Amino acid sequence: MKHSHTPLLILAISVTCVVGALYVYMYEATASAVDRASAARDVVASEQSDQLQARALAGTMTSTAVSRDRLSSFFIPSDNVVLFITSLEALGSQSKSTVSIASVDADPLTGAQPGTIAHAHAHISAHGSWESVVTLLSLAERMPFDSQISHVRLSASGPDKTKQPAWDVSFDVQASILVVAPVTQ
């Protein structure tokens, strides 16, 4: 009796090939799903981190609001450089001395980006009593914006009308200018 095992062998090989192909397909599909799940997990973790950072930043923004508002007052706004000159002129009456502004200039601001810090410079000469010139220097150092005093020259110039010695002082002042965004209408 001759049994033909050929059809069964072909069937077995065919089933083995189909099972092998299904195994490869399922392996690839699972690997792809794992990759997508991993990428989705990373996106979720990144989003959660971003939200935590946003909350922390919002808290920082709230807690520093007063300081940030005050920060701009340390600079002369670029759209109000005259504030520097008027502040210098006011030093004379505040210190009870005779003040003259010998020169004033500022860094060029044309085309400067908002947030850029530039400088205004002035040379001041004053005449008055010892107390008034010392007060003048003190006031110049404590102007309501960031300023530096340099090249101070102080000399006695003889008695004034009250027979007290008079003093002459000259110095340079540099103040910081903050370039502000232009106002749009």
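Please treat every number below as a calculation from the coordinates, not as lab data. Not measured: the values here are computed from a predicted model. Cβ atoms come from the backbone with ideal geometry, glycine included; neighbour counts cover every protein chain shown.
Quick notes
- A Cβ-based charge dipole, computed about the Cα centre of the chain with Lys and Arg at +1 and Asp and Glu at -1, lands at about 460 debye.
- Tilt relative to the chain, helix 130-141 - C-alpha long axis, 0 to 90 degrees, to 10: 20
- One decimal place: the segment Ala112-Ala37 gains 22.2 nm when fully extended, by the rule 0.36 nm per residue minus the C-alpha distance.
- Simple spin-label estimate for Ser72 and Val24 gives 6.8 nm between the two label positions (7 Å along the Cα-to-Cβ direction from each Cα).
- Each of Asp168, Asp42 was scored by other Cβ atoms within 10 Å of its Cβ. Arranged with the fewest first, they read Asp42, Asp168.
- Charge sum, other residues only, whose C-beta stays under 14 Å from Thr116's C-beta, Lys/Arg counted +1 and Asp/Glu -1: -2
- Residue-span extension gain [Glu47 to Ala90] - 0.36 nm each, minus C-alpha spacing: 10.0 nm
- Cα-projected label distance for Gln174 with Ala56, points at 7 Å along beta-carbon direction, nm: 3.7
- Extending 7 Å from Cα along the Cβ direction at Val15 and again at Thr64 yields two label points whose distance is 7.2 nm.
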